[in-house]
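What follows is calculated from the coordinates using simple rules that are stated; it is not laboratory data. For clarity, every value in this text was computed on a predicted model and none was experimentally measured. Cβ coordinates were reconstructed from backbone atoms using ideal geometry, including for glycine residues, and neighbour counts include every protein chain displayed.
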Amino acid sequence: MVKPLSLVGQVVLYAAFAAFIGYFASHPKYRHLAPDRAMVKLSMSHFGARECRTRSAAELARLPPNMRAPLECKRERSPLRIEVELDGQTVYRDSIRPTGIARDGVAAVYRRFEVGAGTHRLAVRLNDDARVSGFTHMHEGAVELKPAQILVIDFNPDHGGLFFR
């Protein structure tokens, strides 16, 4: 038969457990970045454009009344072509395919770039329409990054497209 711990034994065990948790809650010290470094994060989810065409009046007349949508669009969406340039050097360039079996979902990207704190020239270019040869969205400017600061590059079509925050 196992003997239960006495009240003093329980208090000692709880105190040891609390000391263990307390020590590892603050030690060893974790530094996300070195003291003179900052982080730039590219984080976006966006639907690429779809290729659509306008149906003619004759085509619409042949369709049942409930199917007479004036636009006929392919299901597949365009991939996102993204370029990130930091201080004149391209640090990221890729084409992100849309998700889903039919390639009709969102295209998402998440990348981190550790940089030195200070002033940097940042340029981001995005093409979300495969029918366009250049870039459909661009944002660039000087950014002042403090030590341990995290700058996020995001995209929201309702707020002007590409932006830094």
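Fewest first, what order do TYR92, TYR30 take by the number of other Cβ atoms within 10 Å? If you can, show how the numbers build up before the last one.
Working: TYR92 16, TYR30 6.
Neighbour counts put them in this order, fewest first: TYR30, TYR92.
If amide H atoms are built 1.01 Å from N in the plane of the peptide, which residues on other chains or at least 5 residues away come under 5 Å of the amide H of ALA117?
It is ARG37, ALA38, by chain and number.
Grab the beta carbon distance between TYR110 and ALA148, set R0 = 22 Å, and tell me the FRET efficiency rounded to 0.05.
On the way: r = 20 Å, r/R0 = 0.90.
Efficiency for this residue pair is about 0.65.
Local charge sum around VAL143 (other residues, Cβ-Cβ under 15 Å, Lys/Arg +1, Asp/Glu -1)?
Working: positive: ARG37, LYS41, ARG121, LYS146, ARG165; negative: GLU85, ASP87, GLU114, GLU140, GLU144, ASP154.
Residues close to VAL143 contribute a combined charge of -1.
Subtract the Cα-Cα distance of GLU59 and ALA34 from 0.36 nm times their separation in residues, and report this length gain in nm to one decimal. Spell out each step's value before the answer.
On the way: separation 25, 0.36 × 25 = 9.00 nm, distance 6.38 nm.
Gain on stretching GLU59 to ALA34: 2.6 nm.
List SER78, SER133, SER95 from most exposed to least, where exposure is judged by having the fewest other Cβ atoms within 10 Å.
Numbers: SER78 23, SER133 7, SER95 12.
Fewest to most other Cβ atoms nearby, the residues stand as SER133, SER95, SER78.
Can you tell me the orientation of helix 7-26 relative to the chain, as the angle in degrees between its alpha-carbon axis and the longest Cα principal axis, to the nearest 10?
50
Loop only per DSSP, at most 10 neighbouring Cβ atoms within 10 Å: give me the trypsin sites (Lys or Arg not before Pro) in the range 1-81, ordered by residue number. Provide the component values of the computation, followed by the final result.
Values: sites: LYS29, ARG31, ARG37, LYS41, ARG50, ARG53, ARG55, ARG62, ARG68, LYS74, ARG75, ARG77, ARG81; in loops: LYS29, ARG31, ARG55, ARG68.
Those satisfying the criteria are LYS29, ARG31.
Roughly how many nanometres apart are two label points built 7 Å out from the Cα toward the Cβ at PHE47 and ALA102?
With each label point 7 Å from Cα toward Cβ, the separation is 1.2 nm.
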